[in-house]
1. Roughly how large, in nm² to one decimal, is the mean projection of the convex hull of the alpha-carbon atoms in chain A?
2. Among all stretches of chain A without exposed trypsin sites (Lys or Arg not before Pro) (DSSP loop, at most 14 other Cβ atoms within 10 Å), which one is longest?
3. Testing the spin-label approximation: label points 7 Å from Cα along Cα→Cβ at A:LYS25 and B:LYS265. State their distance in nm.
4. Using the crude model of +1 on Lys and Arg Cβ and -1 on Asp and Glu Cβ, and no other charge, please compute the dipole size for chain A relative to its Cα centre, in debye to 20.
5. Within a 10 angstrom radius of each residue's Cβ in A:25-34, how many Cβ atoms of other chains show up on average? Whole number is fine.
6. If each residue of separation counts as 0.36 nm, what is the full-extension length gain between B:GLU186 and B:ALA98 once their alpha-carbon separation is subtracted?
7. Are there GluC sites (Glu not before Pro) in region A:21-58 that DSSP puts in a loop and that have at most 15 other Cβ atoms within 10 Å, and which ones?
8. Scattering from the C-alpha atoms of region A:8-47 alone, worked out with Debye: what is log10 I(q)/I(0) at q = 0.28 1/Å?
Amino acid sequence: MHELSLAYSAIGEMQTILKKEGANKVNRIVFSVGALSGVDQEAFLFCFPLAAEGTPMEGVPLTMEDACLNLYCNSCNYEFINPEPIVICSKCQGVDVKVLSGQDFRIKEMEVE
Amino acid sequence: MCRDCGCEEGNKKIMDQIHGHVHSHDHTHSHSHAAGHSHSHAGENAHSHSHDHSHDDAHSHSHDHSDNHSHQPSVPKTLQLEHKVLARNDQIADMNRAWFEQRELRCINIISSPGSGKTMLLEKSLDALQSKGVHTSVVVGDQQTDNDARRLSGKGAKVMQVNTHSSCHLNAEQVQKVLPDVIHEETELFIVENVGNLVCPAAFDLGENCKIALLSVTEGEDKPLKYPVLFATAECVVISKIDLLEHVDFCIETCVQNLRKINPKVTIIKCSARSGEGMDSWMDWLLPD
């Protein structure tokens, strides 16, 4: 259960972003959850209000978007998307596959004012 | 014209040193100047402004309004960020990595579920490393106790225990803090034994060169499929406790197939720290030169 740590990290990053933008109000937040990010969305949504208490993020509606694995096969130069965390080329079954995205948990979007 | 108030008299630039006009703003105000000009504001819209008067006899003053308001209405804007939630951890991990690189030492991060044999494997590894003259430092993460650090001490390596208390993983900052104490000039290999947990430690980069996952034969062959994050990012998976194979229903071939599905390039080492079987392969991997 590292989602509480993630929630505190997210709040810290968002406070930095708000400061940089000169904003003090947040209307909505969109998170992008990579297939290989290891984030339990339900646990994160449970923990977030605890970390957000007393900050501009308190009570703000959250959207969690799934981010598929975006992969590239070095053998057959095929770029493809895999909703499952399996890194084998779906075209040539090659194993020399590079993960382009889908490993991270990101703050995708924030509406601020 | 006064560029602040708009009054005609302003252009006279007649000021004196006791000019100080503090006006609170509801928005009609007037002020007079000892030197003889006055102007007034009348406005319906609340706003704030600052006056920059230039004075012949150089002095400056500022005007404060009691009501805080701004001219710009707040307009919501959407920020397209794609900002990593663990950005700060990753930054510190990169600093750790640079620190290791500078000292030309290799850092490995060992992760597994509790009880899969991390400490036992390290006990035997430290004995072997000591006999090979490899200078090693170890950080052991556990929620409580220094039992593991005590088990690993007296084997030539510098060992430090980090208690994470309620936390289920080590983060980059916890490692950064102990580096000056645990790493010495001669350290060539730095091993982090992470908190026993298959999920959370995989998400936190510590700055290691690679992650190693342990999977004991007393666990299920499908662990790699159930916990893909760690097994997909590990460079090496050690299937441990193989001396127990005859007592359990663990099919090594199925486990290997599952691992390859998640991580086709992974190095798989089968060993038993207890019997010593496979320990040579493990040591060869640990010391690639």
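Each reported figure results from applying straightforward, stated rules to the coordinates on display, with no laboratory input. Here the structure is a predicted model, which is why all the values come from computation and not from measurement. Heads up, the Cβs are rebuilt from the backbone with ideal geometry, glycines too, and the neighbour counts pull from every protein chain shown.
1. Details: hull surface 30.9 nm².
Mean orientational projected area (chain A, Cα hull): 7.7 nm².
2. After excluding every exposed loop site, the longest remaining stretch is A:26-90.
3. With each label point 7 Å from Cα toward Cβ, the separation is 4.9 nm.
4. On the way: 8 positive and 16 negative charges, 60 e Å.
Taking the Cα centre of chain A as origin, the dipole is about 300 debye.
5. Details: counts 2, 2, 3, 2, 2, 3, 1, 5, 1, 1.
Neighbouring Cβ atoms belonging to other protein chains average 2 per residue here.
6. Values: separation 88, 0.36 × 88 = 31.68 nm, distance 1.70 nm.
Stretched fully, the B:GLU186-B:ALA98 segment lengthens by 30.0 nm.
7. A:GLU53, A:GLU58
8. Debye intensities relative to I(0), on a log10 scale: -1.07.
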